[in-house]
Amino acid sequence: MHALARRLEALLFISPRPLTSPEMEAACGCTTMEVDDALAVLRVEYAAERHGIALRDVAGGVTFVVADDCSEDVRRFTGAERPDELSPALLETLAVVAYLQPVTRAETAEVRGVSSEWALSSLEERGLVEQQGRAETPGAPILYGTGARFLKLFGLHSVQDLPPLEEFSLQAAEVDAIRARLLANAERRRA
């Protein structure tokens, strides 16, 4: 295996989070092109069904993950239920935050039609949502958004990789209302 690929493999193996190209360049004293070439070697080495782990682009970086076909064995071996198994209420709240971020607790409750205090707290404890500052409205409520753990867990490079709302079975009026909310959030962030 390519010498730099071996060095990057070691870094990725010990890192608890995805590594970005600049982090790998700095650690190994090499260029972007050299990192890209070495990662290409690793991608071939860790291609589907060759190893029990796989190399994935997630959360703006690269990381090793358990191969999909081995995940059930790993779960059974650890004897623990996945801490990230989410109830329908938690999934619904997480979806609202992911698509409308940054969003306040009250805004999340308004979209869901029920209080979201417990759900947001639970998601925050699991590291799936994070506080992202305060809104510039009366009372300065906390703004919530997703973080790197959310991206890693769902295998996304960024929130722009979320599936379009049209892929869900929503009524046209629901999609329009959600789009209006997304536009309002984008304008609020630019202001």
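Taking 0.36 nm per intervening residue step and subtracting the Cα-Cα distance, what contour gain separates GLU23 from ALA10 on full extension?
3.3 nm
Which of the following values of semi-axes √(5λ) of the Cα gyration tensor in Å was calculated from the structure shown: (i) 35, 20, 16; (ii) 28, 23, 15; (iii) 29, 24, 19?
(i)
State, to one decimal in nm, how far the label point of GLU124 lies from the label point of ILE53, with both points 7 Å from Cα in the Cβ direction.
Going by the 7 Å Cα→Cβ label model, 3.3 nm.
Highest mean first, what order results for 29-40, 113-124 on Cβ atoms within 10 Å?
Those peptides, ordered most packed to least, come out 113-124, 29-40.
With +1 on the Cβ of every Lys and Arg and -1 on the Cβ of every Asp and Glu, and nothing else charged, how large is the dipole of region 88-190 about its Cα centre, in debye rounded to the nearest 20?
Dipole size: approximately 300 debye.
Using a 10 angstrom cutoff on alpha carbons, build the Gaussian network for the chain and name the most mobile of GLU167, GLU49, GLU25.
Residue with maximal mean-square fluctuation among GLU167, GLU49, GLU25: GLU167.
By how many degrees, between 0 and 90 and to the nearest 10, does the Cα long axis of helix 3-14 differ from the longest principal axis of the chain?
For helix 3-14, the angle is close to 40 degrees.
Give, rounded to the nearest 20 debye, the magnitude of the charge dipole that the chain has about its Cα centre when Lys and Arg contribute +1 at Cβ and Asp and Glu contribute -1 at Cβ.
The calculation lands at about 420 debye.
Here, each number is a calculation from the coordinates, and none is a lab measurement. The model shown is predicted, which means the values in this text are computed figures rather than measured ones. Cβ sites come from the backbone with ideal geometry, for glycine too, and all protein chains shown count toward neighbours.
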